[in-house]
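As structure tokens, the structure follows; a few thoughts come after it.
The values are calculated or read from the model by the stated rules, or taken from the named source; none is laboratory data. Because the structure is predicted, anything quoted here is derived from the model rather than measured. Note that each Cβ is placed from the backbone with ideal geometry, even for glycine, and that neighbours are counted across all protein chains shown.
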Ligand SMILES: Cc1cc2nc3c(=O)[nH]c(=O)nc-3n(C[C@H](O)[C@H](O)[C@H](O)COP(=O)(O)OP(=O)(O)OC[C@H]3O[C@@H](n4cnc5c(N)ncnc54)[C@H](O)[C@@H]3O)c2cc1C
Ligand code: SF4
């Protein structure tokens, strides 16, 4: 036991949720220890650049490619996933996958967490999303309303530094306080977005007897743009640049590599919040400390300490077992790991819901060749989307979806432009100027849609543990059961029909082709479908109104353990159609507020 | 290999690479990687093979003075339809376009090697990734480098690839 240190709060995980909580506590003078599983990295820019170099030199350019594999704190990779043979768990990667469908999403176990390689899309949820069960009879209701969350959305938008335009975001009932503006003006929409907007002008999607007006709308993004002078009652906003090199990254420069790594940190990552937290002098981060379980007092149900394994060198497996105690505990290791730590501790929750309701956005991609050059592979990954099918009465019938417009050609679905080069050489028999012109004409016209389908909470989609599956340090590997429901499949079918009609209206040559052996391939009623993970892990310790229907309350405090908070997307009862992190950051601010109240109350009692 | 022979071969390699890739010699020179790539190929295979290919290309040029169509026809027949030279020529194009050297196929190695111990698939360097001609060919910039500046993506793309 490290008796020499005395902390008010121990936070497990140095991602965005842990960082925000640490910083809020530190501002109030509380002392905080963050235990982080990832390798020790200093806060200077040079150390960040080493990620960039790893990325340049990595043959496989997937989201986790800049972040070296660490056998002491392994992480899932998108390349691990494959179709699952019924009855045979797939143990290829870090996850043990029981199926029937493979869980394809990933996260990063490095200081800064998954926001190191997120895209930065920062949409709010729709007011309706918070009462989905009440309105549509599907999913679950949140114990909080959109209106209750509004002030916290503002805090989250401030912390992340969101660039957007309020007028563009007022759809499907989303509203803002009078005079509110985002910290920065919207990121300019790509040339592709503008072209699609022209072509789609007046287009209406016809589906099952209904007609839906289609708009191409700018996307709020956690990436620096032009500060809005009207922000904060005219005080303006100062963009936050790269950690250790603040002049860099004051504005997005169009590096087109936001996933997996923004070279200049114009895109928010949690290192920025961590830096502020550490600068208060109240926060310590201990890296290379993998938390394995919590200890608790069976008498009063209080958590009594955190057990962790401190390793020296990520390759040796050598480590020391340690334990530390504090007044309050916060688990912020992201959905899968949070549940895993609780299960490993034998803390199942009265509700029996620990690890259950694992969700993601299955993403269906469709792609085509535009009738003219649209300038693929330039700028941030996505600057616009189509919110049309995010909300509406159809939700009781099929899953809603958001359409993300991709600026990087077919890079996601098929690895463009490299795939086209291979084809041009191997079967196209091209060389010289013909090759160059061909690559230009083809790639310039490429674009893709990504349909983020809302996944319903289902208790059968879950994380469990099994002593048969452990990693090098002897820690549990997550065992995952996962499936896609009919409701979601119907949403995907609607998404394909949307593509068909949109492409017809815009004169786009549909090039969508799915590989029947790829993970996520499905054949449904004459429809070929293919979905992938979005990296939007949610559920696993959902919030609710009582100890029977949920693991945590609306402030993300465990119903069963009064001095433990489980924070992050794992607390979300539904994923809606917005990327989850902004909403998660908002509820994290709420949790931090409650945690501070707890501590204040305790100091009065003492 | 001595520096002087690399220099000489480098000139031939550059001329040949220009015809293979569709980019002119000054663009290739501008990457600063011509000699590095020549060395990469020589290391992975052997210098004799590279010299033979460069010599073959030089002969085709001599045989087709002021006749680009004829040269293209000859290159297609003599190099890009040859079981020996096509895979190597295509690999040199890959090297310039992506900064990656790809291991030759097993069959090819059996036939023309039969053994190249240093022939491994690898990105030559982080610079070679950034200098990949593929980005110029598609009218973009390497993902993660050579950024084009704020809002550049909102403007029309170039009308043609660079020379
Ligand atoms: C490719 C990709 C793109 C994405 N794009 C978007 C987007 O555009 N918009 C959006 O809203 N969301 C996006 N996301 C999701 C977003 O990244 C996550 O929702 C967010 O990072 C979660 O934050 P977190 O702090 O809860 O967890 P994380 O960021 O994952 O941080 C968890 C931290 O805990 C540490 N940790 C893990 N286990 C242990 C342990 N046992 N002991 C100690 N420490 C531990 C980890 O090392 C890490 O530092 C994307 C995700 C991916 C994969
Ligand atoms: S486009 Fe480039 S500069 Fe902008 S956020 Fe993405 S990687 Fe960073």
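Filter segment A:112-133 down to the residues that are outside any strand (DSSP E or B), out of contact with any helix residue (DSSP H, G or I) (no Cβ under 7 Å at 6 or more places or on another chain) and over 19 Å from residue A:488 (Cα atoms), then identify the one that is farthest from ligand 1 (Cβ to nearest atom). Selected residue: A:116.
The set of residues from segment A:435-455 being assigned to a helix (DSSP H, G or I) and touching a strand residue (DSSP E or B) at 6+ places or on another chain (Cβ under 9 Å) comprises just one member, A:442.
Here is a check on your reading of the model: is residue A:254 over 26 Å from residue A:37 (Cα atoms), within 14 Å of ligand 2 (Cβ to nearest atom) and out of contact with any strand residue (DSSP E or B) (no Cβ under 6 Å at 6 or more places or on another chain)? Yes. Going through segment A:314-340 one residue at a time, which ones are surrounded by fewer than 21 Cβ atoms within 10 Å (Cβ to Cβ) and either assigned to a loop (DSSP other than H, G, I, E, B) or within 16 Å of ligand 2 (Cβ to nearest atom) (or both)? A:314, A:315, A:316, A:317, A:318, A:325, listed by residue number. For segment A:77-92, filtering for residues that are out of contact with any strand residue (DSSP E or B) (no Cβ under 9 Å at 6 or more places or on another chain) and modelled with pLDDT of 95 or more leaves 0.
Going through (1) surrounded by fewer than 23 Cβ atoms within 10 Å (Cβ to Cβ); (2) away from chain B (no Cβ under 14 Å) one by one, residue A:241 falls short only on (2). Checking each residue in segment B:87-121 for being within 12 Å of chain A (Cβ to nearest Cβ), more than 19 Å from residue A:434 (Cα to Cα) and crowded, with 17+ Cβ neighbours inside 10 Å picks out B:99, B:100, B:101, B:102.
Scanning segment A:396-407 for residues that are in contact with a helix residue (DSSP H, G or I) (Cβ under 8 Å, 6 or more places away or on another chain) and within 16 Å of ligand 2 (Cβ to nearest atom) turns up A:405, A:406, A:407.
Is it true that some residue in segment A:240-250 is under 21 Å from residue A:116 (Cα atoms), in contact with a helix residue (DSSP H, G or I) (Cβ under 9 Å, 6 or more places away or on another chain) and within 16 Å of ligand 1 (Cβ to nearest atom)? Yes; the residues of segment A:240-250 include at least one that is under 21 Å from residue A:116 (Cα atoms), in contact with a helix residue (DSSP H, G or I) (Cβ under 9 Å, 6 or more places away or on another chain) and within 16 Å of ligand 1 (Cβ to nearest atom). Residues considered: B:84, B:69. Of these, the only one that is within 14 Å of chain A (Cβ to nearest Cβ) and surrounded by fewer than 21 Cβ atoms within 10 Å (Cβ to Cβ) is B:69. Residue check: is residue A:577 within 24 Å of residue A:382 (Cβ to Cβ), crowded, with 22+ Cβ neighbours inside 10 Å and touching a strand residue (DSSP E or B) at 6+ places or on another chain (Cβ under 6 Å)? So residue A:577 fits the description; yes. Among the conditions (1) over 19 Å from the mean Cα position of the chain (by Cα); (2) within 11 Å of chain B (Cβ to nearest Cβ); (3) modelled with pLDDT of 95 or more, residue A:383 misses just one, which is (1).
Kindly establish whether residue A:343 is farther than 30 Å from residue A:518 by Cα and part of a loop (DSSP other than H, G, I, E, B). So residue A:343 does not fit the description; no.
Among the residues of segment A:187-204, is there at least one that is under 23 Å from the mean Cα position of the chain (by Cα), more than 14 Å from every other protein chain (Cβ to nearest Cβ) and touching a residue at least 40 places away in the same chain (Cβ under 8 Å)? There is no residue in segment A:187-204 that is under 23 Å from the mean Cα position of the chain (by Cα), more than 14 Å from every other protein chain (Cβ to nearest Cβ) and touching a residue at least 40 places away in the same chain (Cβ under 8 Å). Looking at (1) within 14 Å of chain B (Cβ to nearest Cβ); (2) out of contact with any strand residue (DSSP E or B) (no Cβ under 9 Å at 6 or more places or on another chain); (3) within 16 Å of ligand 1 (Cβ to nearest atom), find the lone condition where residue A:275 falls short. (1) is the only condition that residue A:275 fails. On the given criteria, is residue A:453 away from chain B (no Cβ under 14 Å), surrounded by fewer than 22 Cβ atoms within 10 Å (Cβ to Cβ) and touching a helix residue (DSSP H, G or I) at 6+ places or on another chain (Cβ under 6 Å)? Considered against the rule, which asks whether it is away from chain B (no Cβ under 14 Å), surrounded by fewer than 22 Cβ atoms within 10 Å (Cβ to Cβ) and touching a helix residue (DSSP H, G or I) at 6+ places or on another chain (Cβ under 6 Å), residue A:453 comes out as no. Evaluated against (1) more than 9 Å from every other protein chain (Cβ to nearest Cβ); (2) buried (at least 24 other Cβ atoms within 10 Å of the Cβ); (3) within 16 Å of ligand 1 (Cβ to nearest atom), residue A:259 falls short on exactly one condition, (2). Among the residues of segment A:217-238, those that are within 14 Å of chain B (Cβ to nearest Cβ) and within 16 Å of ligand 1 (Cβ to nearest atom) comprise A:218, A:219, A:221, A:223, A:224, A:225. Could you please find all residues in segment A:57-107 being farther than 23 Å from residue A:531 by Cβ and part of a loop (DSSP other than H, G, I, E, B)? Within segment A:57-107, A:58, A:59, A:66, A:67, A:68, A:69, A:70, A:71, A:72, A:73, A:74 qualify.
Considering A:409, A:432, the condition of being touching a strand residue (DSSP E or B) at 6+ places or on another chain (Cβ under 6 Å), facing another protein chain (nearest Cβ under 9 Å) and buried (at least 18 other Cβ atoms within 10 Å of the Cβ) is satisfied by A:409 alone. Restricting the search to segment B:131-163, which residues are assigned to a helix (DSSP H, G or I), facing chain A (nearest Cβ under 7 Å) and within 25 Å of residue A:224 (Cβ to Cβ)? Listed by number, the residues that qualify are B:152, B:153, B:154. For segment A:365-395, which positions are assigned to a strand (DSSP E or B) and within 16 Å of ligand 2 (Cβ to nearest atom)? The one that is assigned to a strand (DSSP E or B) and within 16 Å of ligand 2 (Cβ to nearest atom): A:384.
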